[in-house]
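Read-outs throughout are calculated quantities, based only on the coordinates presented, and are distinct from any laboratory measurement. Quick caveat: nothing in here was measured; it's all calculated off a predicted structure. Cβ atoms come from the backbone with ideal geometry, glycine included; neighbour counts cover every protein chain shown.
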Amino acid sequence: MVGILYESEEWSSYKLLEEIQSFGIEACLISLEEDHAFELVNSCDLLVSRIFASAQFRAHHKSLERMPEVIKQAERKGIPILNPPRAHFYETSKALSTAILKQKGIAVPDVYGVFLPDEIDPGSLRYPCIIKPDCGGRTTCTVIISEAGTLAGAVAEIPAISMIAEEYIRPVYGYITRVEVIGGECRLILKRSVTADGLLAYHLGSAYTHYTDCPEKLRQTAVRAMELLNIEFGSLDIIETERDFYIIDVNAVSNASEDNTEMFGFDLMGETAAYIAERFREMEKRNDDDKRNI
Ligand SMILES: Nc1ncnc2c1ncn2[C@@H]1O[C@H](COP(=O)(O)OP(=O)(O)O)[C@@H](O)[C@H]1O
Ligand SMILES: [Mg+2]
């Protein structure tokens, strides 16, 4: 049985479930908002995490709080998790994933610190900078601060959650690159246009197009970054400049809006399910071989 750990009632986790089942594999959804989640976990042979960092904006704190406990329980019982457990901690902390990439020599924005909104000292930042939730998603509570004087006004609107302040990389070409990586391969690369506020969000009208002539070096770096972070399937947001390209965001739980499947002829949930099914079959085979050898 494959158990999909989820918290968000949106189409994608249901689609992933159906797609895994279409390979003739038994699968179920396990809501980490529900108290009996821990029991259900025990009946699984493989877990798949669909616990988004953005859970915190859906008041799904329980899921985020329970995940480390679920990981420990799965480890005790020898139940593997996809993505591997470490990836969950990268999904839920931009500071952590950015620090690891920097340490490994991959270009990322300079990070000025992680603070509560009312604790940010304007003198500790360089401008322009960007402030965004350390554990967040979908461009929620994300602001560009052009100068020290506008900081107080901007953070006044933000709830008391941990924020990362970092160098603002100007998307000089007007787009941000989104790379979907599955099993060590770049499977979909898009240019997503930046909207008038200098940010990017599908719901604010960003236009997406295929990035057919994406530089090879960027592809290789995307794959290497995912390997370093133990993310077998997920996505990256990258900003290219004249000088270099910078990884600004890494997602260990990737998502696409439903209409994107048709638009780009790429079924993200279907392809992710195919990868999970393959990994599940390998696991079963290994277990059978082990039994035979006993
Ligand atoms: N360092 C940065 N420089 C420029 N723009 C940024 C930077 N970090 C984030 N952004 C903008 O904010 C958006 C949301 O930030 P991101 O880190 O991708 O978080 P999430 O997708 O989890 O909300 C990005 O798509 C981009 O438009
Ligand atoms: Mg992003």
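For the chain, what's the relative contact order in percent, using C-alpha pairs closer than 8 Å and at least 6 residues apart?
Details: 522 pairs, mean separation 54.4, N = 294.
Relative contact order of the chain: 19 percent.
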Derived scalar couplings ³J(HN,Hα) [region 239-251; Karplus, 6.51 cos²θ - 1.76 cosθ + 1.60; whole Hz; x for Gly, Pro]: 10, 9, 10, 5, 7, 6, 10, 10, 7, 9, 7, 10, 10
Dipole axis of the chain (+1 Lys, Arg; -1 Asp, Glu on Cβ), positive-most option in Val41, Gly3, Tyr127: Tyr127
Relative contact order %, region 111-167, counting alpha carbon pairs below 8 Å whose residues are six or more apart: 54
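I'd like to compare 144-150, 42-48: which one has the highest average count of other Cβ atoms within 10 Å, and what's the full order after that?
The peptides rank, most packed first, as 42-48, 144-150.
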Distance between modelled label sites at Leu116 and Ala99, nm, 7 Å Cα→Cβ extension: 2.0
Histogram of C-alpha separations across region 45-166, 5 Å bin width, %: 2, 11, 19, 19, 16, 14, 9, 5, 3, 1, 0
Residues whose placed amide H lies under 5 Å from that of Leu29, excluding near-sequence neighbours: Ile4
Per-residue HN-Hα couplings for region 103-119 [Karplus 6.51, -1.76, 1.60; θ = phi - 60°; Hz; x = Gly/Pro]: 4, 8, x, 8, 5, 9, x, 5, 9, 8, x, 10, 9, 7, x, 7, 9
Potential extension, Asp213-Asp244 segment - 0.36 nm per residue separation minus Cα distance: 9.5 nm
Relative contact order %, region 1-147, counting alpha carbon pairs below 8 Å whose residues are six or more apart: 20
Extension gain (nm, one decimal) between Gln73 and Arg286, 0.36 nm per residue minus Cα-Cα: 74.5 nm
Relative packing of peptides 93-103, 111-121 - highest average C-beta neighbours within 10 Å first: 93-103, 111-121
Rotationally averaged projected area of the chain (alpha carbon convex hull; nm²): 16.4
Cut-off under 5 Å, modelled amide H: who pairs with Leu46 long-range: Gly3
Amide proton proximity set for Ile145, modelled H, under 5 Å, gap of 5+: Cys129, Ile130, Ile131
Spherically averaged projected area of region 111-167 from its Cα convex hull (nm²): 3.2
